[in-house]
1. Within the range 15-44, how many residues are touching a strand residue (DSSP E or B) at 6+ places or on another chain (Cβ under 7 Å) and within 15 Å of residue 69 (Cβ to Cβ)?
2. Would you be able to tell me the number of residues in the range 1-43 that are without any contact (Cβ under 8 Å) to a residue 40 or more places away in the chain, part of a helix (DSSP H, G or I) and surrounded by 15 or more Cβ atoms within 10 Å (Cβ to Cβ)?
3. Inspect the range 93-116 for any residue being touching a Gly at 6+ places or on another chain (Cβ under 8 Å) and at pLDDT below 65 and give the result as yes or no.
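The values are calculated or read from the model by the stated rules, or taken from the named source; none is laboratory data. A quick note: this is a predicted structure, and the numbers were derived from the prediction, not measured. Cβ atoms come from the backbone with ideal geometry, glycine included; neighbour counts cover every protein chain shown.
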Amino acid sequence: MPTPESFPIEKIFVPTKQRKAIKPEIVAEIAESILEIGQQAPISVRRDGDRIVLVEGLHRLEACKALGETTILGVLVPAELAQHKPLLAERPEVEAERIKMARLKQLRLEKEAAEASTSALKGVRQAEAPRTRPAKGVRDNPKASSGRTAKSTPKTLSDWITQQKSSGGRY
C-alpha cells in the first residue's frame, strides 16, 4: 500500500460528477471528527498530467477545506487502480474507517443526549421554588399580637420573672 503524504488542497481537482455527491451533513460530521481526533483516513488521488485528481475522499476533502486546512493527507494511486474505484471502496481498511466513523458518531450523539438530559434536569431543579420554612417562632399571621414574639416568650419560670421585672410588670 502506498504511504500517505501531504497534498495542497488547492491543487486537488474534483470531477464535476463527484462534486454533485457532496452531503453537507456528512462534511460537518467528518469536520467534527477531524477536530477531535485528526484526519485518520487519507484520501486517494491520482496524477493526470500536471494536476492531482481526487479519486476517493470527497467529504474528507471538503471537511478539511471547511476547517481552513491548506493541506490534506492522501495517497497517490495509479490511474489503473483509480478506474477500479469500487475495488478501492471494498478494501478492509476503508470499511474499518467507515465503522469507526459510525461508532464515533454514535458516541457523539450519546454524549450530546446525556449533556442535554443533564442540563434539562438542572433547569427543572432551578425552576422549582425553594421550599423553605419560616424561622422558628416567626408568625405570618398579621392579626397575631405584635407584643409577643418567639424571642420574648419565656422558657422557664425564672425567665418569666426576669422579663416581668424588666418590663415593670407584676409577678
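1. Residues meeting the conditions: 3.
2. Result for the range 1-43: 4.
3. no
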